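The values are calculated or read from the model by the stated rules, or taken from the named source; none is laboratory data. Computed from a prediction, not measured in an experiment: that's the story for all the values here. Cβ: placed from backbone, ideal geometry, glycine included. Neighbour counts: every protein chain shown. Note: accessible area is taken over every heavy atom of the protein model, side chains too, but ligands, DNA and RNA are not part of it. Shrake-Rupley method; radii C 1.70, N 1.55, O 1.52, S 1.80 Å.
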Protein chains: 2
Amino acid sequence: MMDEPRKTPTIQDVARAAQVSAATVSRVLSSPERVTEATRDRVTKAVEETGYTINQAARSLRMQRARTILTAMPGIGNPFYSTILDAVVTTATSRGYGVLVAGRLGDDPARWLSDYYQSNRADGLLLFDGFLETRKLHGITGANAQMPLVAAYDELPDPQINSVITDNLQAAERAVRHLYDLGHRRIGHISGPSRNTFPNERLVGFRKAMFEHRLEVREEWIVPGDYTMDSGLAAGRHFGGLAERPTAVFSANDEMAIGMLSALKTVGITCPRDISVIGFDDIGVAEHYAPPLTTMRQPRERIGRIATETLIGLLESEVRSREPVRVVLQSELVVRESTARLGSG
Amino acid sequence: MMDEPRKTPTIQDVARAAQVSAATVSRVLSSPERVTEATRDRVTKAVEETGYTINQAARSLRMQRARTILTAMPGIGNPFYSTILDAVVTTATSRGYGVLVAGRLGDDPARWLSDYYQSNRADGLLLFDGFLETRKLHGITGANAQMPLVAAYDELPDPQINSVITDNLQAAERAVRHLYDLGHRRIGHISGPSRNTFPNERLVGFRKAMFEHRLEVREEWIVPGDYTMDSGLAAGRHFGGLAERPTAVFSANDEMAIGMLSALKTVGITCPRDISVIGFDDIGVAEHYAPPLTTMRQPRERIGRIATETLIGLLESEVRSREPVRVVLQSELVVRESTARLGSG
DNA sequence: TGAATTCATGCAATCGATTGCATTGATCTT
DNA sequence: AAGATCAATGCAATCGATTGCATGAATTCA
């Protein structure tokens, strides 16, 4: 018996083995109830014997659907997004969908992404990249390429597009209230980047909460960041050099909080003795940082799962409803040791 | 002018617009030199006008190649792997390949993965999961499904399969030597998990280095871990409860080092005053942890890039060489503040 | 029992791109 | 000038699965 490289079996091979037509095999696979039990068994057996696997390329071509979703995120290396991606993959896989990951987007992201759709590689898009301008997005949804799309990122997505988001305003208020409740009155903020026209949502929430608590907002206590540890480091240096420092800081994400603490520590300012810090996201290290970080935990796993389910639901429903889907999730305050009662140090 | 949903243009549409046959359009796209400049221009123009994108499903079906690679990793949420994935996506995209991410593997991972291959969804596999047993892997490479495969993970992969790895033995020795040079003689280790038959490589390197430096290896100073922060935490508690503690610890990865420090801090043991720690990988937070972590930096970006290039090279070479490819990269010692000269605290 | 209905299955067209072979016209050779 | 050579292009088969329609057998009903 030669060990020759026999090709992978096709539906025809199965049909021959089961002594039926290819059409019947196809039916057994997709709508078994339409086939007699006897033939069904014969076919099932033949499938097993031949080791048949459906050829997705052929299937996609014929059905005009790839059973694959595309994901786009600003940086997969970022632990925040990678957790979401994990949930996306798990959910999509269990529903029989593949997950493609888009690389760094070039000059024309909309075109780049919709190419995946036009070329029949992906049926829909999960967009986790808030930096992609809404304006450019219209190239994806509008025009001739109507790629189904669910956006899931921090900042307000265009209300016209389906989205799964967390309530940043409310979360920012909770964060500030937590600091307020601990007695802090001089509160600073490291903000995320603002998009073109809109100010950063967490920054807005911060201002709103400060106003509601009748606290003074000092502009020198609001430092713009870009969600990287390095920008947190810069913010830390800024606060460290100030004559009058806030007693507590709300950072728009954990990385920047960590960067800030790292910078402050080098100039002898320790947390929570000299300054309290609350972060955002609850990334993996937050719990084990020194000190363990108080933070607003985003339900990342849920974001990923729900966004995926929403998209797949969209793909599989015949009627495309006009109303965009909007899911708003809440973040959760996780109190650890980086925030302390004022003066307790 | 109606805004009716015109379908995405096919090669036939382009052919009609350019007044040539579909065959010619195809040739302009794949081997332009075989076509007159005049027709080539006409076709190029027609492609632009129609906004034509090649239908990958049809192409895959005809060519029996999907221009897509599959990646499998134990946990995408893990920052170590997500950085690698980032590099993989960037590299693959620039070479015109898509990247599919496999979900959690079920009972029969080999079967599961090779299904992607048989079903013409992926042309090859990048395997970053060392926990997948080599024995099970043979189902992927052997049998009727000869899926091209490049493995890139810590532990010794089967020498028969292509791999991109780092030299763990050497790295472990460097780590121990660093501690030794700082005057440490009582050195402990938090190890990664051992695979069935083989002991963990970094553990082996640790023992080897200890032997070479003629240092005593105390079994109670070697704590098994599983690369999670929680297992580092447990290790920290273990060390904390010991009557005689090591003065320095080599942790098989950064997360466990962080977990350990976090546990030790709660019992008043601080780093580097009371204990020095060197980690492994140089994940993002290592630099900004308190204290900043000394670590063996793995060239994650290179691992991802080289593995991808190797796999694509394999896919595109006509002849499948019998000799497996093996690339061995070196890790780099990054000295920060978690390691200090003995007695300098 | 014969007509009507139902049901399982097969036939063949189709999805869109690629490519071996055939054809055409131009260029070269002697 | 006639045949040989070559380059550019078209024709048509092919990849493998799905599905509307046709067929024939079995079942139901009068």
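Annotations for the structure displayed:
- Contact annotation: residue pairs with Cβ atoms under 8 Å, 6 or more positions apart or on different chains, pairing a residue in region B:221-236 that is within 10 Å of chain A (Cβ to nearest Cβ) with a partner that is outside any helix (DSSP H, G or I), are B:Gly232/B:Ile190; B:Gly232/B:Gly225; B:Gly232/B:Ser251.
- Checked against the criterion of being open to solvent by 30 Å² or more (accessible area, probe 1.4 Å) and of a type in the set (A, V, I, L, M, F, W, C), the candidates B:Val267, B:Val277, B:Val249 yield just one match: B:Val267.
- Hey, A:Leu314 hydrophobic (A, V, I, L, M, F, W, C) and open to solvent by 10 Å² or more (accessible area, probe 1.4 Å) or not: yes
- Residue count, region A:241-259 (criterion: within 14 Å of chain B (Cβ to nearest Cβ) and more than 16 Å from A:His184 (Cβ to Cβ)): 6
- Residue within region B:70-85 that is near DNA strand C (Cβ under 8 Å from one of its atoms) and either open to solvent by 70 Å² or more (accessible area, probe 1.4 Å) or touching a Phe, Trp or Tyr at 6+ places or on another chain (Cβ under 6 Å) (or both) present: no
Yes or no, residue by residue, for (1) at the interface with chain A (Cβ under 7 Å from one of its Cβ atoms); (2) within 30 Å of B:Thr10 (Cα to Cα); (3) touching a helix residue (DSSP H, G or I) at 6+ places or on another chain (Cβ under 9 Å); (4) in a helix (DSSP H, G or I):
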residue	(1), (2), (3), (4)
B:Ala57	yes, yes, yes, yes
B:Arg62	no, yes, yes, yes
B:Ala66	yes, yes, yes, no
B:Gly77	yes, no, yes, no
B:Ser82	yes, no, yes, yes
B:Val89	yes, yes, yes, yes
B:Asp115	yes, yes, no, yes
B:Ala122	no, yes, yes, no
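- Odd one out for B:Ala243, checked against (1) open to solvent by 10 Å² or more (accessible area, probe 1.4 Å); (2) hydrophobic (A, V, I, L, M, F, W, C); (3) in contact with a helix residue (DSSP H, G or I) (Cβ under 9 Å, 6 or more places away or on another chain): (3)
- Residue within region A:199-210 that is among the basic types (Lys, Arg), within 14 Å of chain B (Cβ to nearest Cβ) and either surrounded by fewer than 24 Cβ atoms within 10 Å (Cβ to Cβ) or not in a loop (DSSP other than H, G, I, E, B) (or both) present: no
- Selection status of B:Arg95, of a type in the set (Lys, Arg), within 13 Å of DNA strand C (Cβ to nearest atom), surrounded by fewer than 21 Cβ atoms within 10 Å (Cβ to Cβ) and more than 9 Å from chain A (Cβ to nearest Cβ): no
- The set of residues from region A:23-40 being open to solvent by 30 Å² or more (accessible area, probe 1.4 Å), within 8 Å of DNA strand D (Cβ to nearest atom) and either touching a Gly at 6+ places or on another chain (Cβ under 6 Å) or not hydroxyl-bearing (Ser, Thr, Tyr) (or both) comprises A:Ala23, A:Arg27, A:Leu29.
- Evaluation of B:Tyr289 against (1) within 13 Å of chain A (Cβ to nearest Cβ); (2) surrounded by fewer than 17 Cβ atoms within 10 Å (Cβ to Cβ); (3) of a type outside the set (A, V, I, L, M, F, W, C) (one fails), failing number: (2)
- Test for B:Ala46: is it over 18 Å from A:Gln64 (Cβ atoms), outside the structural domain of B:Gly98 (by TED's automatic domain parsing), open to solvent by 40 Å² or more (accessible area, probe 1.4 Å) and touching a residue at least 24 places away in the same chain (Cβ under 8 Å): no
- For region B:283-322, the set of residues classified as part of a loop (DSSP other than H, G, I, E, B) and closer than 16 Å to B:Leu261 by Cβ consists of B:Ile283, B:Tyr289, B:Ala290, B:Pro291, B:Pro292, B:Leu293, listed by residue number.
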